[in-house]
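Q: Once you've had a glance at the structure underneath, I'll fire off some questions.
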Amino acid sequence: MAKRDRMSGNEAVATAMRQINPDVMGAFPITPSTEIPQYYSRFIADGLVDTEFVPVESEHSAMSVCIGASAAGARAVTATSSAGLAFMWELLYVAASARLPITMAVVNRALTGPININNDHSDSMGARDAGWIQIYAETNQEVYDNYIQAMPISETIRLPIMICQDGFITSHGVSNIELLEDEEVKEFVGEYKPENYLLKSENPLAVGPYGISPYYMEAKRQQAQAMKDAMPIIMDVAKRYEKLTGRKYGFFEEYMMDDAEVALVVIGSSAGTGKESAACRR
């Protein structure tokens with residue numbers, strides 16, 4: 001049974017994470033995503049989860065932790081923003097090419113130039129072609145819902161996934177949301193049972209070996225195909241989630257389009273502003 005609570009987008013991510021209880025979290029702070037590992041480390045300290053929390057010296061190392069953990073067969077997560085995501089750049093491609101289903105919460109923030117710490121999508125848009133699925137949220141409720149849907153999507157298609165929300169607007173803004181019961185989340189996400197992983201001694205394999213040109217291109221072709229194949233999986237997970245919660249998700253949400261002459265296509269919290277503007281003009 002759903003329960004109502006009031007929390008920020010960052011706390012909503014950490015709460016969803018607690019309900020899932022992943023195996024490993026690589027953590028390094030950067031505004032405005034710092035609260036996510038901060039909240040989650042408190043859950044660990046309180047004994048609510050048994051995640052291996054690995055604090056590191058940089059975002060590059062945080063993603064390295066996730067890559068190693070995921071390759072070993074663990075469910076791995078992290079969170080970052082802006083320059084932190086940029087510092088992970090090299091490893092984003094490693095995670096995607098190795099087909100590791102890592103879940104990363106991205107709190108969108110401007111990349112420096114000029115110096116700015118407010119909301120902007122240049123960080124995740126810069127990683128658009130890195131081979132990661134990206135899902136964006138308009139509201140705190142969507143932040144929570146998207147994170148719960150992320151792992152069933154990612155682990156089915158074996159591509160890493162970013163769950164993106166707007167820095168400060170949703171990450172620090174507090175609103176009412178509906179939370180699922182812990183057991184409902186665990187049942188929906190399910191156990192992670194990878195077919196192949198480094199610690200499976202009866203089936204040795206290499207992860208991330210050198211790829212000569214023909215193999216490199218074939219790996220990229222398979223990644224591109226997987227991204228296409230992810231589309232029906234995303235919708236299947238969304239339908240299961242709608243059945244559980246009554247909240248409907250898809251690739252787009254239409255609003256007042258029946259007699260529209262102009263359409264705005266937006267992502268993130270600006271969709272709410274767009275809806276208000278459209279409603280005021282009617």
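Q: With a cut-off of at least 3 residues that are over 24 Å from His121 (Cβ atoms), name the helices (runs of 4 or more DSSP H) lying wholly within region 1-104. Before the answer, list the steps.
A: Working: elements: 9-20, 35-45, 59-71, 82-87, 89-97.
Passing ranges, in order: 9-20, 35-45, 59-71.
Q: Would a scan of region 177-184 turn up a residue that is at pLDDT 95 or above, closer than 24 Å to Met227 by Cα and of a type outside the set (S, T, N, Q)? Outline the logic, then answer.
A: Of region 177-184, the ones at pLDDT 95 or above are 177-184.
Then keep just the ones that are closer than 24 Å to Met227 by Cα; that gives none.
Checked region 177-184: no residue is at pLDDT 95 or above, closer than 24 Å to Met227 by Cα and of a type outside the set (S, T, N, Q).
Q: What pairs come out if I take residues in region 147-161 that are part of a helix (DSSP H, G or I) and pair them with residues that are among the aromatic types (Phe, Trp, Tyr) and crowded, with 20+ Cβ neighbours inside 10 Å whose C-beta lies under 6 Å away, six or more apart or interchain?
A: Here the result reads Gln149/Tyr241, each pair linking region 147-161 to a residue that is among the aromatic types (Phe, Trp, Tyr) and crowded, with 20+ Cβ neighbours inside 10 Å.
Q: Considering only residues that are free of Cβ contacts under 8 Å to residues at least 12 places away in the same chain and closer than 27 Å to Ala278 by Cα, look in region 235-251 and name the one that is surrounded by the most Cβ atoms within 10 Å (Cβ to Cβ). Step through it out loud before you land on a result.
A: So the first thing to find is which residues in region 235-251 are free of Cβ contacts under 8 Å to residues at least 12 places away in the same chain, and the list is 236, 239, 242-243, 246, 248.
Next cut, closer than 27 Å to Ala278 by Cα only: 242, 246, 248.
Values: Glu242: 14, Gly246: 9, Lys248: 10.
Only one residue fits best here, namely Glu242.
Q: Now for a different question. Can you find a residue in region 107-114 that is at pLDDT 95 or above and in contact with a strand residue (DSSP E or B) (Cβ under 7 Å, 6 or more places away or on another chain)?
A: yes
Q: Which pairs have Cβ atoms under 8 Å, sit 6 or more apart or on different chains, and link a residue in region 25-47 that is on the phi < 0 side of the Ramachandran plot and among the charged types (D, E, K, R) to one that is surrounded by fewer than 17 Cβ atoms within 10 Å (Cβ to Cβ) and not in a helix (DSSP H, G or I)?
A: From residues that are on the phi < 0 side of the Ramachandran plot and among the charged types (D, E, K, R), the pairs are Glu35/His172.
Q: Based on this model, can you work out whether Glu218 counts as exposed (fewer than 13 other Cβ atoms within 10 Å of the Cβ), of a type outside the set (Lys, Arg) and either under 26 Å from Ala74 (Cβ atoms) or modelled with pLDDT of 95 or more (or both)? Steps first, please.
A: Numbers: exposed (fewer than 13 other Cβ atoms within 10 Å of the Cβ): yes; of a type outside the set (Lys, Arg): yes; either under 26 Å from Ala74 (Cβ atoms) or modelled with pLDDT of 95 or more (or both): yes.
Spelling it out, Glu218 is indeed exposed (fewer than 13 other Cβ atoms within 10 Å of the Cβ), of a type outside the set (Lys, Arg) and either under 26 Å from Ala74 (Cβ atoms) or modelled with pLDDT of 95 or more (or both).
Q: Here is a check on your reading of the model: is Ala279 of a type in the set (A, V, I, L, M, F, W, C), surrounded by 11 or more Cβ atoms within 10 Å (Cβ to Cβ) and farther than 26 Å from Tyr147 by Cβ?
A: On the way: of a type in the set (A, V, I, L, M, F, W, C): yes; surrounded by 11 or more Cβ atoms within 10 Å (Cβ to Cβ): no; farther than 26 Å from Tyr147 by Cβ: yes.
The answer is no for Ala279.
Q: Out of (1) at pLDDT 95 or above; (2) closer than 26 Å to Ala74 by Cα; (3) touching a Leu at 6+ places or on another chain (Cβ under 9 Å), what's the single condition that is false for Thr245?
A: Every listed condition holds for Thr245 apart from (2).
Q: Return yes or no: is Arg240 closer than 22 Å to Met7 by Cα and modelled with pLDDT of 95 or more?
A: Values: closer than 22 Å to Met7 by Cα: no; modelled with pLDDT of 95 or more: yes.
Spelling it out, it is not the case that Arg240 is closer than 22 Å to Met7 by Cα and modelled with pLDDT of 95 or more.
Q: Right, here's the next one. Tell me which of these Val189 doesn't satisfy, since it passes every other one: (1) exposed (fewer than 13 other Cβ atoms within 10 Å of the Cβ); (2) β-branched (Val, Ile, Thr); (3) at pLDDT 95 or above.
A: Checking Val189 against (1) exposed (fewer than 13 other Cβ atoms within 10 Å of the Cβ); (2) β-branched (Val, Ile, Thr); (3) at pLDDT 95 or above, the one that fails is (1).
Q: Looking only at region 129-146, how many residues end up being surrounded by 24 or more Cβ atoms within 10 Å (Cβ to Cβ) and in a loop (DSSP other than H, G, I, E, B)?
A: Of the residues in region 129-146, 1 are surrounded by 24 or more Cβ atoms within 10 Å (Cβ to Cβ) and in a loop (DSSP other than H, G, I, E, B).
Q: For region 182-282, please list each of the helices (runs of 4 or more DSSP H) lying entirely inside it that holds at least 2 residues being of a type in the set (S, T, N, Q).
A: Values: elements: 182-189, 213-245, 270-281.
Answer list for region 182-282: 213-245, 270-281.
Q: On to the next question. Kindly list, by first and then second residue, each pair from a residue in region 98-119 that is over 21 Å from Ile36 (Cβ atoms) to a residue that is in a loop (DSSP other than H, G, I, E, B) and not β-branched (Val, Ile, Thr), limited to pairs with Cβ atoms under 8 Å and residues at least 6 apart or on different chains.
A: Once the first residue is over 21 Å from Ile36 (Cβ atoms) and sits in region 98-119, its partners that are in a loop (DSSP other than H, G, I, E, B) and not β-branched (Val, Ile, Thr) give Ala98/Gly208; Arg99/Arg158; Arg99/Leu159.
Q: Here's a follow-up. Those residues that are farther than 13 Å from Thr78 by Cα and either outside the structural domain of Cys164 (by TED's automatic domain parsing) or among the small types (Gly, Ala, Ser) (or both), I need them from region 27-63; list them, please.
A: Hits for region 27-63 are Ala45, Gly47.
The values are calculated or read from the model by the stated rules, or taken from the named source; none is laboratory data. Just so it is clear, the model here is predicted, and its values are computed rather than measured. As a convention, Cβ positions derive from the backbone with ideal geometry for all residues, glycine included, and neighbour counts pool all protein chains shown.
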